[in-house]
Structures are given as C-alpha cells and as structure tokens.
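First up is the structure itself, then whatever we jot down about it.
The values are calculated or read from the model by the stated rules, or taken from the named source; none is laboratory data. Treat the numbers as computed from the prediction; the structure is a model and nothing was measured. No Cβ is skipped: glycine too gets one built from the backbone with ideal geometry, and neighbour counts run over all protein chains shown. Surface accessibility is based on the protein's heavy atoms, side chains included, excluding ligands, DNA and RNA. Shrake-Rupley method; radii C 1.70, N 1.55, O 1.52, S 1.80 Å.
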Amino acid sequence: MAIDYQKEGRIAIFTINRPEALNAMNVQAARELHQAMVDFRDDPELWVGIITGAGERAFCVGADIKDMLPFLKEHLQNRPWAMPDTPMRGLELWKPLIAAINGLALGGGLEIALACDLRIASEKARLGTPEVMLGLIPGWGGTQRLPRMIPQCKAAELLLMGKPIDAQEAYRIGLVNIVVPPEAVMPTAREWAETICQAGPLAVRAAKEAMLRGSGLTLEEGLRLENALEAYLMGTEDFAEGTSAFIEKRKPNFKGK
Ligand code: CAA
C-alpha cells in the first residue's frame, strides 16, 4: 500500500509509504489517499486526522515526476480536475487535519501540508515549491494557499525561486505551528490531536468550515455563515452536554450529535 491508513481511537493516521522515492505521490498513492480520506470523512468514530511520511528523510517530495506528472499531462488538458478528490482540492472535509512533517516537504508534499489545518515540523524538515525548476507551477493548491497563509513576498520567494527553506524559517514566517526534534513529531501530533478530541467534534468542524469558507467571503457574508453555524450548533446534543458539564463542574462527554 502506498498509503498506510490506521485508526487509533478517534484519530486517523495516514502515512505516505513510499520511502524509496522519498514518499513522492504516484497515481496509486493519490487514489489510496482519496479512498482513505473519504473513509475518514464519513466515519463518525473518527474525529481528527494526522498525515505523515514513512522513514526519516521525507514527509513527501511532491508529485512523482516519473509516474504522476505524465498521468497529469495526459489528463489535465481535457479534464482539468483529473486528480481524485483529496484534502488539497474537491473533498469537503471539515474534520481537522494535522501535518506531522517529519522531513522534506516539497512541491505537492508541501501542498498536502498546506491543506492541513496544523503543521508540526521536525527540526530537520525542509519545505519548498521547486516546481518552477521543472518548468511547472504547484498544482495542488500551493499558488493559492501560500499567499493566503504567509506574507505575499515570502510566498513569492518560495514560488518564484523554487528554493526550499528550513524548519526554523518556516516557523518564523508562520508556515508551521511548531518545530520539534525529529523523534517528537508524531508524539506532538498525537498530543495535539488528543487535545482537539477533548472538544465538541461538531463545534470543531463548524469552526474549520467557518474559517475556510469564510476566507472566500466578504465580512458581511462571513458573519452570516458564522451565525448560521452557531444556530446549528445550539440545536445539537453536544452543545447541551458541553454547557451542562460546565455548570455541573464535570468533563463533557461529547458524542458528535
Ligand atoms: N518523483 C519521483 N521520484 C522522486 C522524486 C519525485 N518527486 N523525488 C525524489 N525521487 C526519487 C529519486 O528519483 C530517487 O530514486 P532513485 O534512487 O530510484 O533514483 C530517490 O527518490 C531519492 O532521491 P535523490 O537520489 O534525488 O535524493 P537526493 O537526496 O539527492 O535529493 C531531493 C533529494 C532534493 C528531494 C531530490 O530528489 C529532488 O529534487 N526531488 C524532486 C522534488 C520535486 O521537484 N518535487 C516537485 C514535484 S512536481 C509537483 O509536486 C507538482 C505538484 O504541485 C503536484
């Protein structure tokens, strides 16, 4: 399997498992990621996902140049959305995703991390969009997400020059949440996922939806969206449980209902 998909309680763990190619995404890996992500999205028992890469060197070095790029070349011109739905594009996924960036995150690999909500980077990670060196641009959201996420001039530096940056620089410009020693990447990701699992899962999803959908709206439209989501949450059992638990001075037992 190119994607190792494990369920640990409420947490789904996706490991890109092609260490011999520095976890480059071939067509098989993209299909398997799609299938695993759809399962994660639709399984009510799963609340948070973590994506990481197998081995010590790479999170993912992007599209497989020998396998994925020829596939995209063949399909993209006739059918622009040739890739199966993934968190990068097409998949309506409001459950939170954490990128555990254990090493190189280049091209499509960085774009997978950008499609996550939280990014935990190893001290040894290097991040970049080298596509221009191939005569290409990032095609899994990099040209759109990077300038929305970090200062425009820093996005331009990454996108136009194609040179990777180290983890500390990525932290300095706000591209990753935290930098930790290599052995602490997955434990930190699990700890953050467990923290999210303490909260009401429907509220977490609504917060993500409000944040992501809202970024494409005017302030007025965004406030309406927020209001609609708040009204929906107030009708849920989890809201009743969360407020009762506060008043009764106990831990809430959220059910995602
Ligand atoms: N696709 C396919 N195979 C890749 C790959 C990729 N993106 N990146 C690395 N590999 C393979 C290499 O071919 C090599 O395999 P072989 O041993 O069979 O030759 C193996 O992984 C190890 O790589 P290197 O020998 O090159 O290792 P290195 O330490 O010398 O260099 C590297 C590491 C700097 C990451 C270099 O491999 C590199 O520049 N890779 C390409 C990265 C890249 O350009 N990514 C963007 C891809 S396009 C894209 O992602 C488009 C998009 O937006 C979706």
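Within region 118-140, the set of residues being touching a helix residue (DSSP H, G or I) at 6+ places or on another chain (Cβ under 6 Å) and of a type in the set (Lys, Arg) comprises Arg119, Lys124. All told, Val38 falls short of being β-branched (Val, Ile, Thr) and within 14 Å of the ligand (Cβ to nearest atom).
Only a single criterion out of (1) part of a helix (DSSP H, G or I); (2) buried (at least 19 other Cβ atoms within 10 Å of the Cβ); (3) within 16 Å of the ligand (Cβ to nearest atom) is not satisfied by Trp140, namely (1). In the set (1) surrounded by fewer than 13 Cβ atoms within 10 Å (Cβ to Cβ); (2) of a type in the set (A, V, I, L, M); (3) assigned to a loop (DSSP other than H, G, I, E, B), the condition left unmet by Ala231 is number (3). I'd like the full set of residues that are more than 8 Å from the ligand (Cβ to nearest atom), among the hydrophobic types (A, V, I, L, M, F, W, C) and open to solvent by 10 Å² or more (accessible area, probe 1.4 Å), limited to region 117-137. Leu118, Val132, listed by residue number. When region 55-66 is limited to residues that are part of a loop (DSSP other than H, G, I, E, B) and within 7 Å of the ligand (Cβ to nearest atom), the one that is most open to solvent (accessible area, probe 1.4 Å) turns out to be Lys66. Here is a check on your reading of the model: is Glu191 open to solvent by 40 Å² or more (accessible area, probe 1.4 Å) and either aliphatic (A, V, I, L, M) or in the same structural domain as Arg10 (by TED's automatic domain parsing) (or both)? Yes; evaluated as a whole, the condition is true for this residue.
Here is a yes/no grid of residues against (1) free of Cβ contacts under 8 Å to residues at least 60 places away in the same chain; (2) over 30 Å from Pro138 (Cβ atoms):
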position: Pro151; (1), (2): yes, no
position: Pro164; (1), (2): no, no
position: Arg172; (1), (2): yes, no
position: Ala193; (1), (2): no, no
position: Gly200; (1), (2): yes, yes
position: Leu225; (1), (2): yes, no
position: Ala228; (1), (2): yes, yes
position: Gly242; (1), (2): yes, yes
position: Ala245; (1), (2): yes, yes
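When Ile51 is tested against the conditions (1) within 15 Å of the chain's Cα centre (by Cα); (2) assigned to a loop (DSSP other than H, G, I, E, B), the lone failure is (2).
Whether a residue is crowded, with 22+ Cβ neighbours inside 10 Å and either in contact (Cβ under 8 Å) with a residue 60 or more places away in the chain or farther than 18 Å from Trp192 by Cα (or both) was assessed, and Gly107 passes this test. Restricting attention to region 73-97 and to residues that are within 11 Å of the ligand (Cβ to nearest atom) and touching a helix residue (DSSP H, G or I) at 6+ places or on another chain (Cβ under 9 Å), the residue that is modelled with the lowest pLDDT turns out to be Met83.
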